[in-house]
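S.K.: First, the structure itself, so that you have it in front of you.
The values are calculated or read from the model by the stated rules, or taken from the named source; none is laboratory data. Computed from a predicted model, the values in this text were never measured in an experiment. So basically every Cβ, Gly included, is an ideal-geometry build from the backbone, and we count neighbours across all protein chains shown.
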């Protein structure tokens, strides 16, 4: 069985700018996969390459074994995408928008109508079915994007920052729904800025930066890559930080606290206590704090080389409410 | 023959203009009532001598039908593509499993239908002013379908290359309309000096207007002014060339969709 997504050395260039740089990534069928990265990392460019809105410059990209350009019809038929942008047909009530989308995917009219009703109920906006997109609230618009992605019953559901700017209730509703879909067998590719979201939902995450894959791991594996901080309260404040270079990455004194950054706080702590006592310090309290996934993410994406300017194309990871600024022109 | 996906897109495109008659059918209807009233009745009534042996108001009808048909076919296709690009909802189509040829034929087909409906409306309005009898029905239908499809195909290109709504206006008002107005809509080529007759033959609209006039009234300027060797075949030669050109334009549309021109990054 081919993977849901497989890219090999995928490249996208905009002139001198490289939005995707030899990106090789595999998402297995049935997986809940997260794509993390700062704005301009290339996440949306990656997604748009899969669905045919961006033409790759080089490399290979396949969806369930179908080349996204050579076998584009089969590849696109397998994908449902809920983008960041509100790119919805404004001419028709939302129920008809969904019927049309289902129709484009070869679903006969009667069945398309049934599916449209079904997904509108599932995302909780069935009572708005006869409204046009522009009349929906921001949260309802997000729900509609999800409904549109689901109406074709895709094997691969791509969610590009689905919870950006939505309230807590809706965020939890969406989490519940996509978890349910994943349990039913749908492969899910999620891009998000919310680390908590990735940690809570994803089987694996890829961290991207400047069009490159930084790492791929489970959220738990990622967390083990971070350092811990052991904070020791001492009876008397040392004038200088003691020498603990044998196992400490960094040692600093803050008031009557000594802060020691180590790889594995739990196993290092007893040794640290012994060493400090041997040095004559009297210890009154000790606390170990683990590095959050968010801190690990920041560490991994903090590039030393900022010479690769973010392209305008990859800037599409940013806020994309520009369509709100666009005035509807008259009907020609 | 046509896939479910193609039919869904074609239907969507038809509904888009059918549900908005105030925006799509009323303007050409009103404009053409004015044309017939002012040029046909008020001014035409003062032209004592028939144009090419035909009453002036009757002579006008084929040209106005062509003008309305091609303008609307072009406008519909270019607007549909450009508005979809502008608001990005064309992504709904582009991310679907429709083939590029199906996408193009659906857009072109629906836009051609709008052009033909407008052409029919103009014919009906003309009939209110003067009796019409169709001389070569099959030829007329074939010509109308071909020119509607041709300009729908050109409208797709316009919609893909436009950068803003002003570009669409420029294409329609400053390119299409002048060509049609100098395409022997309001006058016969036989009324021109020989030099201007030959210059007019460089205008592709002349052949379209002439073919429709031949199909509707049985009269062709080209049979009068074209070189003798060509004259006998004139209306059919025009239809053949226009059909071939339509095929080329639609093939170009499909190619542009395939490479994602104006549609993808």
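S.K.: Working carefully through the options A:199, A:131, A:176, find the one that is over 17 Å from residue A:79 (Cα atoms), out of contact with any helix residue (DSSP H, G or I) (no Cβ under 7 Å at 6 or more places or on another chain) and surrounded by fewer than 23 Cβ atoms within 10 Å (Cβ to Cβ).
M.R.: A:176
S.K.: OK, next. Here is a list of conditions, (1) in contact with a strand residue (DSSP E or B) (Cβ under 9 Å, 6 or more places away or on another chain); (2) closer than 18 Å to residue A:193 by Cα; (3) not in a helix (DSSP H, G or I), and residue A:178 meets all of them except one; can you say which number that is?
M.R.: (3)
Residue-by-condition table, conditions (1) part of a helix (DSSP H, G or I); (2) at pLDDT below 85; (3) assigned by TED's automatic domain parsing to the domain that holds residue A:158; (4) under 37 Å from the mean Cα position of the chain (by Cα):
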residue: A:205; (1), (2), (3), (4): no, no, yes, yes
residue: A:233; (1), (2), (3), (4): no, no, no, no
residue: A:236; (1), (2), (3), (4): no, yes, no, no
residue: A:241; (1), (2), (3), (4): no, yes, no, no
residue: A:248; (1), (2), (3), (4): no, no, no, yes
residue: A:261; (1), (2), (3), (4): no, no, no, yes
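S.K.: Tell me which helices (runs of 4 or more DSSP H) are completely within the stretch B:1-92 and hold 2 or more residues being at pLDDT below 95 and more than 8 Å from chain A (Cβ to nearest Cβ), or say none if there are none.
M.R.: Fully inside the stretch B:1-92 and qualifying: B:21-24, B:26-35, B:56-86.
Residue-by-condition table, conditions (1) part of a helix (DSSP H, G or I); (2) surrounded by fewer than 19 Cβ atoms within 10 Å (Cβ to Cβ); (3) in contact with a strand residue (DSSP E or B) (Cβ under 8 Å, 6 or more places away or on another chain):
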| site | (1), (2), (3) |
| --- | --- |
| B:184 | no, no, no |
| B:195 | yes, yes, no |
| B:199 | yes, yes, no |
| B:209 | yes, no, no |
| B:212 | yes, no, no |
| B:241 | yes, yes, no |
| B:244 | yes, yes, no |
| B:251 | yes, yes, no |
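S.K.: Still on this structure: Output the residues belonging to the stretch A:12-39 that are over 17 Å from residue A:68 (Cα atoms), more than 14 Å from chain B (Cβ to nearest Cβ) and touching a residue at least 60 places away in the same chain (Cβ under 8 Å).
M.R.: Hits for the stretch A:12-39 are A:21, A:30, A:31, A:32, A:33, A:34, A:35, A:36, A:37, A:38, A:39.
S.K.: Also, I was wondering about something else. Where in the stretch A:1-120 are the strands (runs of 3 or more DSSP E), entirely inside, with at least 1 residues that are in the same structural domain as residue A:177 (by TED's automatic domain parsing) and farther than 23 Å from residue A:141 by Cβ? Step through it out loud before you land on a result.
M.R.: Working: elements: A:5-14, A:17-27, A:32-36, A:58-63, A:79-82.
Here the list reads A:5-14, A:17-27, A:32-36, A:58-63.
S.K.: If residue A:33 satisfies all but one of (1) surrounded by fewer than 17 Cβ atoms within 10 Å (Cβ to Cβ); (2) in contact with a strand residue (DSSP E or B) (Cβ under 7 Å, 6 or more places away or on another chain), what's the number of the condition it fails?
M.R.: Of everything listed in (1) surrounded by fewer than 17 Cβ atoms within 10 Å (Cβ to Cβ); (2) in contact with a strand residue (DSSP E or B) (Cβ under 7 Å, 6 or more places away or on another chain), residue A:33 misses just condition (1).
S.K.: So, in the stretch A:56-83, of the ones that are surrounded by fewer than 17 Cβ atoms within 10 Å (Cβ to Cβ) and touching a residue at least 40 places away in the same chain (Cβ under 8 Å), which residue ends up nearest to the other protein chains (Cβ to nearest Cβ)?
M.R.: The selected residue is A:57.
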